[in-house]
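Novice: Input: one structure, supplied below.
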Amino acid sequence: MFIVFDLDGTLIDGYAGITDALGFAMESLGIAPLPEDRVRVMVGEGLERLLEKAVGADLVPRGVALFRERYAEVFDEKTALLPEVPAVLAALAAEGHAMAVASNKPARFSRRILEAKGVLEMFRGIGGPDGETPPKPDPTMLLRLMEEQDAVSGETVVVGDMEIDAEMARAAGCRSVLVPGGSRSARELALVPADAHLASLAELPGWIARASAGSERAG
């Protein structure tokens, strides 16, 4: 099975760093910063969209530059792996599953975070938006990760904490698993069409084992 994870809210808690960097950008532009609980529900659609919501479309270019300036200084100390992540990744790797990350965070930041937290080597690919790759829910980054691993849609599962993760998976013909932990509550996620809604990431290895067994029987 090829398992493609979202990053923020699925594998890491990086909201403190995002809130700090966004607050720096907003204050530099003369706008009052927002509390973390507000920022949590605003993230997920890419940095430009986050800044558009926070400072308005006209100030996005300057806001993005300010955000990245500050984020590069604080993302390491203000980002942590979610508690279940090391055990879940180890269990999936032990079963021979290939794993990757598809995030609306620039890939260079995703790599630096995962390397700093000691888990980068667990992933065979890191996808993110760039000049040729739109942010999620566009499926381009997912399809590229699949192509790199010769993975087919029927054997690919997207794991995330937002509706855009399920939408991306559906657009690529893949299955999706949603877990609360970031921007959406379990109640909110229950309203999103997905192949599974889990109470926590710790349940993922069991679900993957059952899904893999079902695929083998179907084959």
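The values are calculated or read from the model by the stated rules, or taken from the named source; none is laboratory data. What you see is a predicted model; the values in this text were computed from it and never measured. FYI the Cβ positions are ideal-geometry reconstructions off the backbone, even for glycines, and counts take in every protein chain you see. SASA here: full protein model, heavy atoms, side chains in, ligands and nucleic acids out. Shrake-Rupley method; radii C 1.70, N 1.55, O 1.52, S 1.80 Å.
Novice: Restricting the stretch 1-46 to residues that are closer than 30 Å to GLN149 by Cβ and open to solvent by 20 Å² or more (accessible area, probe 1.4 Å), which is modelled with the lowest pLDDT?
Specialist: At the first step, the residues of the stretch 1-46 found to be closer than 30 Å to GLN149 by Cβ are 1-15, 17-18, 43-46.
So of that shortlist, the ones also open to solvent by 20 Å² or more (accessible area, probe 1.4 Å) come out as 1, 8, 13, 44-45.
Working: MET1: 95, ASP8: 90, ASP13: 91, GLY44: 76, GLU45: 79.
If we take residues in the stretch 1-46 being closer than 30 Å to GLN149 by Cβ and open to solvent by 20 Å² or more (accessible area, probe 1.4 Å), then GLY44 is modelled with the lowest pLDDT.
Novice: Let me ask another. Those residues that are open to solvent by 10 Å² or more (accessible area, probe 1.4 Å) and either aliphatic (A, V, I, L, M) or over 26 Å from ALA80 (Cα atoms) (or both), I need them from the stretch 168-190; list them, please.
Specialist: ARG170, ALA171, ALA172, GLY173, CYS174, ARG175, ALA186, ALA190
Novice: Would you mention how many residues in the stretch 39-64 are touching a residue at least 12 places away in the same chain (Cβ under 8 Å) and closer than 23 Å to LYS136 by Cβ? Before the answer, list the steps.
Specialist: Residues of the stretch 39-64 that are touching a residue at least 12 places away in the same chain (Cβ under 8 Å), as a first pass: 39-51, 54-55, 59-60, 62-64.
Next, from what is left, pick out any that are closer than 23 Å to LYS136 by Cβ: 39-51, 54-55, 60, 63-64.
Residues in the stretch 39-64 being touching a residue at least 12 places away in the same chain (Cβ under 8 Å) and closer than 23 Å to LYS136 by Cβ: 18 in total.
Novice: Okay, moving on. For the stretch 76-89, name all the residues that are under 23 Å from PRO180 (Cβ atoms) and touching a residue at least 24 places away in the same chain (Cβ under 8 Å). Before you say what the answer is, go through the steps one by one.
Specialist: As a first pass, look at the stretch 76-89 and keep what is under 23 Å from PRO180 (Cβ atoms): 78-89.
The answer is LYS78, THR79, ALA80, LEU81, LEU82, GLU84, VAL85, PRO86, ALA87, VAL88, LEU89.
Novice: In the stretch 122-144, how many are among the basic types (Lys, Arg), open to solvent by 30 Å² or more (accessible area, probe 1.4 Å) and either in contact (Cβ under 8 Å) with a residue 24 or more places away in the chain or assigned to a loop (DSSP other than H, G, I, E, B) (or both)? Working first, answer last.
Specialist: The initial filter retains those residues of the stretch 122-144 that are among the basic types (Lys, Arg), namely 124, 136, 144.
From the residues that got through so far, the ones that are open to solvent by 30 Å² or more (accessible area, probe 1.4 Å) too are 124, 144.
If we keep only those that are either in contact (Cβ under 8 Å) with a residue 24 or more places away in the chain or assigned to a loop (DSSP other than H, G, I, E, B) (or both) too, we end up with 124.
Of the residues in that region, 1 qualify.
Novice: Still on this structure: Return yes when PRO193 is in a loop (DSSP other than H, G, I, E, B) and either modelled with pLDDT under 95 or buried (at least 16 other Cβ atoms within 10 Å of the Cβ) (or both) and no when it is not.
Specialist: Details: in a loop (DSSP other than H, G, I, E, B): yes; either modelled with pLDDT under 95 or buried (at least 16 other Cβ atoms within 10 Å of the Cβ) (or both): no.
In short, no.
Novice: Which members of the stretch 70-121 meet the condition of being basic (Lys, Arg), closer than 24 Å to GLU27 by Cα, at pLDDT below 95 and open to solvent by 30 Å² or more (accessible area, probe 1.4 Å)?
Specialist: LYS78 - this is the single residue of the stretch 70-121 that is basic (Lys, Arg), closer than 24 Å to GLU27 by Cα, at pLDDT below 95 and open to solvent by 30 Å² or more (accessible area, probe 1.4 Å).
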